[in-house]
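Q: If you scroll down you'll find the structure; I have some questions about it.
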Amino acid sequence: MSIRRSILIFIVSLLSASTFADNFLQEPIQLLVPATDLDQRKVILGDRLFHETKLSGDNTISCASCHSLATGGVDRLPFAKGIKGQVGNINTPTVFNSGKNFVQFWNGRAQNLEEQAAGPVHNPGEMGSNWLDVITKLEKDSAYLKQFKEIYNSGPTGEAIVDAIATFERSLVTLNSPFDQYLKGDKDAISPKAKKGYQHFKSLGCAACHQGQGVGGNLFQIFGVAKSLKDSKIKNPNDLGRYLHTNNEFDRYLFKVPMLRNVAVTAPYFHSGQVQTLEGAIRVMAEFQLGRQISDEEVEDIAAFLRSLTGEYKGERLK
Amino acid sequence: MSRVQNNISAKSIMVIVLIIAVLTILFYFGSQQRESQIDQYVLIHQKMETVVLLHSVQNEVLLQSYSSFSKHYDFLTKYSHQLNFAINDIEHNTKIKTELPLLLKRLKEQANDRQQQIERFKSSNAILQNSIQYLPTLFTRVLKMGLKRQDSNTILHLLNTVQSFYINPTDQEHQYANQIAKSLSTLNLLTGSSSLVGEIKLHSTLILKRKSKIYQLVKHYLEVPIQLNITAIMDELVRRTDQIRWELLVLQRILYALLVLLMLLVAYYIISLNRARVLAITNANLISNQQIELKSKEKLASIGEMASHVAHEINNPLSVIYLNLRAVKNQFASEKADIGKCSSKVEKIEDMSKRIGKIAKDLLAFSRDAARDPIEKVTVKQLVDDTLSICHEKFVNQGVNLTVGDYSTDLTIECRAIQISQILLNLFTNAYDAIEDLPTRWIRLEVEDEQEVIKFVVTDCGSGIPDEVAQKIFNPFFTTKVHGRGTGLGLSIINGIVEKHRGKFELDSKCQNTRFIVTIPKRHLATDEEQIDSKKMPS
């Protein structure tokens, strides 16, 4: 019944918002809130599994190999590198705040983190393994056996593994960014430049797509709304986006609008990983998504604003 | 015969009990199943309520975004997600084979359909909002450009049209679309190369396309007949739940009825088993034959007893007769016979002969089965005297003091006199047996006249009968006498006779001594048997 309660609270807050024009609803970007009700035992187990190379076929790669938490939850490569040095064809998104995504992957083919986590393990280009192998390997480790037994009352299973990993990922919420502090009322938490950048971000229309808690991550969008990217390298011409998943004409070149939380530490940008700098990404966005020219000053301001979105993990700001 | 019958009915009861037990179990499982079904339905109903709530919240939030009141899609995403989750949850956990899964499947399809509209709405709306927000900037830029008055007027007019198209109801879409298309074409002719004109064109087209697109999407979304389906599901749930509740009620009632029946049958079965056992003891032919045998044995025994009484009784007068006869014979042998002396002796012989004759008569009376004797009115005195005349001698000889209390000599009673004598004799003999070993021995008979009834109270010097013996004392075959001496039928025969006379036979446990009381009505009341007999054989 917690759903119902939250709905009620929501309705009440809507009412108060409409009466008092509360900033809460008026701001397109919302305060990032931590995930609640996470089983800490699962988080610990998931943490270990996330860093576990036994999840890959040749014991060389873990989730963290591509999603290193020390480097913003990404590999900082244009394309991810899987086992045996295989190079993929899509840029690695961060795992930080991935629990806030409305769907997973660039084209949203996984509905949730549980569904997602099984993907890389079985992808021959990424970890190139399967549950049977993984479980056989994990079962040799008595510490794992004990942990699984305690939490799931069984040995390791595919279901339990993805559950633990997903729970761990949900705990990866980067709170306390300067911008969140600003939203909370600390007017000096971000620089004047960033404040101006935030205004541009809203007035130029970036916030039409990048909004909510994650500053994105809650809708699909055509890459190249205002101007076609055609055969540009920036939009991998071979990647038809969500169409590959749904075969629906409407979904051609449709991608998940990525979250811009921590965007400053997750270069290179876009699903193609072809843009190295934040400024470059902003320009691409202005031109192809907004259909307008913006000044260098505006770009710098917006970049300053985007940098203020970098939050903390384990009490330390992401680098 | 009766035992066989009993067995058959016991068997059939067993079969019925088994059938009912099986039925009971079936009905029990039936009602259990119904109960769990109801639980399921109630659960689904609860979940559906959440769906209904989420569904209306989803509508609300979508319209918030549509009217650009809400500036982000977090809520829309969150509640759509929860709604879909709730619907999937219901669909996955419903294992009921009715039309419900069909409705739920349709609900899921409808929700998916709506979800798709929402996703497209978000995409289109973002673009629309973005372009709309750009319009004021475009205005100022046009004004700053320093175009020819006519050109800038055309452009400003176009932008105005676009803006009012956005604001006004969309059913005038065509009108605006035409106007905008016309303006755009003139714009094309005019300054096609300028980047500003390009942007204006782009955003006008985007707004035009997206606004009508969104209108279509939201219309589509709102037109999905999900509300109808939800109502149908709720109705179906309520209908099914009611139906199952009703079924459950019926099943439970039947179940209770079966249980009660079962219990009754089992109880009956147990009782009949018991009765069969009792019948087996009292009614079985073999045993009742034995009983009859015993009865006649008892009779023989009492005749034997009586014979010894009679022997005494006869012996005494016989020896008197013998002595007197010897005296008379001697007289006759001597020359001077004393006639006077002789005649007195002969008189004595005559007396004694008479007495023997009487004894013979009494004995004859006893040896008959008195049960069929007619009821006659006799004086109690005669009754008592007759009885005493049989046993008096014996008691005197054995040193037992048998006394009779005072009573009115003209007291009469309607009865079978011999049987009542038998009772008294039996009681005396029993008493004698009981007190045989005591130092001072007495038996006392009292006759009490109590209006309707006469009480014969026989008391002996014994010190009563212990309770546990007293309880069994009237049972047939019960005896405390040394083996072989009695058959234990004595008291039960008394009881039988007393019952025939509609009287009462009891042990007075309050008395310190052993005391039996036989109560006989003065006027005889015919028993059922006698009535039937008298009808059968009218005399």
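Q: Which of (1) within 14 Å of another protein chain (Cβ to nearest Cβ); (2) not in a helix (DSSP H, G or I) does B:Ser131 not meet, given it meets every other one?
A: Only one criterion in (1) within 14 Å of another protein chain (Cβ to nearest Cβ); (2) not in a helix (DSSP H, G or I) is unmet by B:Ser131, namely (2).
Q: I need the helices (runs of 4 or more DSSP H) fully contained in segment A:141-184, keeping only those with at least 2 residues that are hydroxyl-bearing (Ser, Thr, Tyr).
A: Working: elements: A:142-152, A:158-170, A:178-183.
Because the criterion is at least 2 residues that are hydroxyl-bearing (Ser, Thr, Tyr), the helices (runs of 4 or more DSSP H) in segment A:141-184 that meet it are A:142-152.
Conditions tested, residue by residue: (1) out of contact with any Asp or Glu (no Cβ under 6 Å at 6 or more places or on another chain); (2) over 27 Å from A:Asp133 (Cα atoms); (3) open to solvent by less than 50 Å² (accessible area, probe 1.4 Å).
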residue: A:Ala35; (1), (2), (3): yes, yes, yes
residue: A:Leu49; (1), (2), (3): yes, no, yes
residue: A:Thr53; (1), (2), (3): yes, no, yes
residue: A:Gly57; (1), (2), (3): yes, no, yes
residue: A:Thr60; (1), (2), (3): yes, no, no
residue: A:Ala64; (1), (2), (3): yes, no, yes
residue: A:Ala70; (1), (2), (3): yes, yes, no
residue: A:Asp75; (1), (2), (3): yes, no, yes
residue: A:Ile90; (1), (2), (3): yes, no, no
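Q: Name the pairs whose Cβ atoms lie under 9 Å apart, with the first residue in segment B:134-152 and closer than 14 Å to B:Ser183 by Cβ and in contact (Cβ under 8 Å) with a residue 60 or more places away in the chain, the second open to solvent by less than 70 Å² (accessible area, probe 1.4 Å) and β-branched (Val, Ile, Thr), and 6 or more positions between them or separate chains?
A: Matching pairs, first to second residue: B:Leu138/B:Ile155; B:Leu138/B:Ile200.
Q: Okay, moving on. Hand me the list of helices (runs of 4 or more DSSP H) wholly inside segment A:1-100 holding 3 or more residues that are modelled with pLDDT of 90 or more and of a type in the set (Gly, Ala, Ser). Spell out the reasoning first.
A: Working: elements: A:2-20, A:23-26, A:40-50, A:63-66.
Because the criterion is at least 3 residues that are modelled with pLDDT of 90 or more and of a type in the set (Gly, Ala, Ser), no helices (runs of 4 or more DSSP H) in segment A:1-100 meet it.
Q: Please go through segment B:121-144 and pick out each residue that is open to solvent by 40 Å² or more (accessible area, probe 1.4 Å) and within 20 Å of B:Ser70 (Cα to Cα). Even if it seems obvious, please write down each step before you answer.
A: Here is the first cut: in segment B:121-144, the ones open to solvent by 40 Å² or more (accessible area, probe 1.4 Å) are B:133, B:136-137, B:139-141, B:143-144.
B:Gln133, the sole residue that qualifies.
Q: Restricted to segment B:97-120, and to residues that are of a type outside the set (D, E, K, R) and open to solvent by 40 Å² or more (accessible area, probe 1.4 Å), which residue is farthest from the other protein chains (Cβ to nearest Cβ)? Talk me through it step by step, then tell me what you get.
A: Keep residues of segment B:97-120 that are of a type outside the set (D, E, K, R), which gives B:98, B:100-104, B:107, B:110-112, B:115-118.
Narrowing the set further to residues that are open to solvent by 40 Å² or more (accessible area, probe 1.4 Å) leaves B:101-102, B:112, B:116.
Details: B:Pro101: 22, B:Leu102: 24, B:Asn112: 12, B:Gln116: 8 Å.
Looking at the filtered set, the residue picked out is B:Leu102.
Q: Restricting the search to segment B:69-106, which residues are more than 28 Å from A:Gly99 (Cβ to Cβ) and outside any helix (DSSP H, G or I)?
A: Here is the first cut: in segment B:69-106, the residues more than 28 Å from A:Gly99 (Cβ to Cβ) are B:94-106.
Listed by number, the residues that qualify are B:Thr94, B:Lys95, B:Ile96, B:Lys97, B:Thr98, B:Glu99.
Q: Then there is this: Quick check: anything in segment B:40-56 closer than 17 Å to A:Phe102 by Cβ and either in a helix (DSSP H, G or I) or touching a strand residue (DSSP E or B) at 6+ places or on another chain (Cβ under 7 Å) (or both)?
A: Quick first cut of segment B:40-56, residues closer than 17 Å to A:Phe102 by Cβ only: B:54.
Going one step further and asking which of them are either in a helix (DSSP H, G or I) or touching a strand residue (DSSP E or B) at 6+ places or on another chain (Cβ under 7 Å) (or both), we end up with B:54.
Yes: segment B:40-56 contains one or more residues that are closer than 17 Å to A:Phe102 by Cβ and either in a helix (DSSP H, G or I) or touching a strand residue (DSSP E or B) at 6+ places or on another chain (Cβ under 7 Å) (or both).
Per-residue answers, yes or no, for (1) of a type in the set (Ser, Thr, Tyr); (2) more than 36 Å from the chain's Cα centre (by Cα); (3) at pLDDT 85 or above:
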position	(1), (2), (3)
B:Gln227	no, yes, yes
B:Thr241	yes, no, yes
B:Arg253	no, no, yes
B:Ala257	no, no, yes
B:Leu279	no, no, no
B:Gln290	no, yes, no
B:Ser296	yes, yes, no
B:Ala301	no, yes, no
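Q: Can you tell me which residue is modelled with the highest pLDDT among those in segment B:67-83 that are more than 9 Å from chain A (Cβ to nearest Cβ) and open to solvent by 30 Å² or more (accessible area, probe 1.4 Å)?
A: First pass over segment B:67-83, keeping only residues more than 9 Å from chain A (Cβ to nearest Cβ): B:67-68, B:83.
Keeping just the survivors that are open to solvent by 30 Å² or more (accessible area, probe 1.4 Å) gives B:67-68.
Values: B:Ser67: 82, B:Ser68: 78.
Here the answer is B:Ser67.
Q: Just name the residue that is nearest to B:Thr94 (Cα to Cα) out of those in segment B:48-66 that are more than 10 Å from chain A (Cβ to nearest Cβ) and open to solvent by 30 Å² or more (accessible area, probe 1.4 Å).
A: Restricting to residues being more than 10 Å from chain A (Cβ to nearest Cβ) and open to solvent by 30 Å² or more (accessible area, probe 1.4 Å), the top hit is B:Val52.
Q: Would you be able to tell me the number of residues in segment B:439-464 that are assigned to a loop (DSSP other than H, G, I, E, B) and open to solvent by 50 Å² or more (accessible area, probe 1.4 Å)? Steps first, answer last, please.
A: Step one: list which residues in segment B:439-464 are assigned to a loop (DSSP other than H, G, I, E, B), which gives B:439-441, B:451-452, B:461-464.
Now restrict to residues that are open to solvent by 50 Å² or more (accessible area, probe 1.4 Å): B:439-441, B:451-452, B:463.
Of the residues in segment B:439-464, 6 are assigned to a loop (DSSP other than H, G, I, E, B) and open to solvent by 50 Å² or more (accessible area, probe 1.4 Å).
Q: Within segment A:171-213, which residues are more than 14 Å from chain B (Cβ to nearest Cβ) and under 16 Å from the mean Cα position of the chain (by Cα)?
A: A:Ser171, A:Leu172, A:Val173, A:Thr174, A:Leu175, A:Ser177
Q: Among the residues of segment A:72-114 satisfying the criterion of being in contact (Cβ under 8 Å) with a residue 24 or more places away in the chain and charged (D, E, K, R), which is nearest to B:Arg120 (Cα to Cα)? Explain how you work it out, then say what you get.
A: Quick first cut of segment A:72-114, residues in contact (Cβ under 8 Å) with a residue 24 or more places away in the chain only: A:72-74, A:76-80, A:82-84, A:86, A:88-103, A:105-109, A:112-114.
Filter once more, so that each one left must be charged (D, E, K, R): A:76, A:84, A:100, A:109, A:114.
Numbers: A:Arg76: 32, A:Lys84: 40, A:Lys100: 20, A:Arg109: 16, A:Glu114: 25 Å.
Per the criteria, the residue is A:Arg109.
Q: Sticking with this structure for a sec: Return the pairs, sorted by first residue and then second, in which the second residue is of a type in the set (Phe, Trp, Tyr) and open to solvent by 40 Å² or more (accessible area, probe 1.4 Å), the first residue lies in segment A:240-261 and is more than 14 Å from A:Cys209 (Cβ to Cβ), the beta carbons are less than 7 Å apart, and the residues are 6+ apart or on different chains.
A: That search, which allows pairs on different chains as well, returns A:Leu240/A:Tyr253; A:Gly241/A:Tyr253; A:Asp251/A:Tyr243; A:Arg252/A:Tyr243.
Q: Also: Counting only residues that are surrounded by fewer than 13 Cβ atoms within 10 Å (Cβ to Cβ) and among the hydrophobic types (A, V, I, L, M, F, W, C), how many does segment B:376-415 have?
A: Residues that pass the stated criteria total 1.
Q: In the list B:Ile465, B:Ile423, B:Ile454, which residue meets the criterion of being aliphatic (A, V, I, L, M), modelled with pLDDT under 80 and under 50 Å from the mean Cα position of the chain (by Cα)?
A: Details: B:Ile423 fails: modelled with pLDDT under 80; B:Ile454 fails: modelled with pLDDT under 80.
Matching residue, one of B:Ile465, B:Ile423, B:Ile454: B:Ile465.
Q: So which residues in segment A:112-128 are assigned to a helix (DSSP H, G or I), among the aliphatic types (A, V, I, L, M) and out of contact with any Asp or Glu (no Cβ under 7 Å at 6 or more places or on another chain)? Talk me through it step by step, then tell me what you get.
A: First, pick out the residues of segment A:112-128 that are assigned to a helix (DSSP H, G or I): A:113-122.
Now restrict to residues that are among the aliphatic types (A, V, I, L, M): A:113, A:117-118, A:121.
Correct list: A:Ala117, A:Ala118, A:Val121.
Q: While we're here: Give me a count of the residues in segment B:205-220 that are out of contact with any Phe, Trp or Tyr (no Cβ under 8 Å at 6 or more places or on another chain) and without any contact (Cβ under 8 Å) to a residue 60 or more places away in the chain.
A: Taking segment B:205-220 and keeping what is out of contact with any Phe, Trp or Tyr (no Cβ under 8 Å at 6 or more places or on another chain), we get B:205-206, B:209-210, B:212-213, B:215-216, B:219-220.
With without any contact (Cβ under 8 Å) to a residue 60 or more places away in the chain added as a condition, the list becomes B:205, B:209, B:212, B:215-216, B:219.
Looking only at that region, the number is 6.
The values are calculated or read from the model by the stated rules, or taken from the named source; none is laboratory data. For clarity, every value in this text was computed on a predicted model and none was experimentally measured. Using ideal geometry, Cβ is built from the backbone for each residue, glycine included, and neighbour counts are taken over all protein chains shown. Note: areas computed on protein heavy atoms with side chains; ligands, DNA, RNA excluded. Shrake-Rupley method; radii C 1.70, N 1.55, O 1.52, S 1.80 Å.
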